[in-house]
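Asker: Starting off with a structure, shown below.
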Amino acid sequence: MLLIPTVTSIPLVTDANGVVRVSKTRITLDTVVTAFLEGATAEEIREQYPSLHLWDIYFVIGYYLEHQAEVDAYLRERQRLAAEVQQEAEKCFNPIGVRDSPFSKTQPTRVNYDATFLG
């Protein structure tokens, strides 16, 4: 049998919000690249994200290695946007003192089951 190499497309899709995702999953390029940069192997990434195919992870890592400057710029932009969103959220919802709010001091309601129902 003769092996005929074919071209396989990179399994990356940009959604309507400009977020790059792997194939038809909710897993982002950011997630896979960050895991790889933190030392995870493709197999370890697959264990962490079972919705990904191992071959897709290898394709994404290969794409990152070939286009490192572009991907790094994309990741920096995503981090910048995330910081902006966090700042806006903190303006609207001050996280300081949340634990000191009157709601955090309430005790959870305990349910007292009648022993006849447990029987």
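Asker: For Arg46, indicate whether it is in contact (Cβ under 8 Å) with a residue 40 or more places away in the chain and either touching a Ser or Thr at 6+ places or on another chain (Cβ under 7 Å) or among the basic types (Lys, Arg) (or both).
Answerer: In short, no.
Asker: Looking only at region 63-76, which residues are free of Cβ contacts under 8 Å to residues at least 12 places away in the same chain and either among the β-branched types (Val, Ile, Thr) or closer than 18 Å to Ile10 by Cα (or both)?
Answerer: Leu65, Glu66, His67, Gln68, Ala69, Glu70, Asp72 - these are the residues of region 63-76 that are free of Cβ contacts under 8 Å to residues at least 12 places away in the same chain and either among the β-branched types (Val, Ile, Thr) or closer than 18 Å to Ile10 by Cα (or both).
To keep it simple, each residue is scored yes or no on (1) of a type outside the set (Phe, Trp, Tyr); (2) exposed (fewer than 11 other Cβ atoms within 10 Å of the Cβ).
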{"residue": "Thr6", "(1), (2)": "yes, yes"}
{"residue": "Ala16", "(1), (2)": "yes, yes"}
{"residue": "Arg21", "(1), (2)": "yes, no"}
{"residue": "Thr28", "(1), (2)": "yes, no"}
{"residue": "Thr34", "(1), (2)": "yes, no"}
{"residue": "Trp55", "(1), (2)": "no, no"}
{"residue": "Tyr64", "(1), (2)": "no, no"}
{"residue": "Arg78", "(1), (2)": "yes, no"}
{"residue": "Gln87", "(1), (2)": "yes, yes"}
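Asker: For Leu75, work out the one condition from (1) out of contact with any Asp or Glu (no Cβ under 8 Å at 6 or more places or on another chain); (2) modelled with pLDDT of 95 or more it doesn't fulfil.
Answerer: Against the list (1) out of contact with any Asp or Glu (no Cβ under 8 Å at 6 or more places or on another chain); (2) modelled with pLDDT of 95 or more, Leu75 comes up short only on (1).
Asker: Within region 17-63, track down each residue that is under 15 Å from Leu75 (Cα atoms), of a type outside the set (Asp, Glu) and not in a helix (DSSP H, G or I).
Answerer: Asn17, Gly18, Val19, Val20, Arg21, Val22, Ile27, Thr28
The values are calculated or read from the model by the stated rules, or taken from the named source; none is laboratory data. All values derive from a computational prediction rather than experimental measurement. Note that each Cβ is placed from the backbone with ideal geometry, even for glycine, and that neighbours are counted across all protein chains shown.
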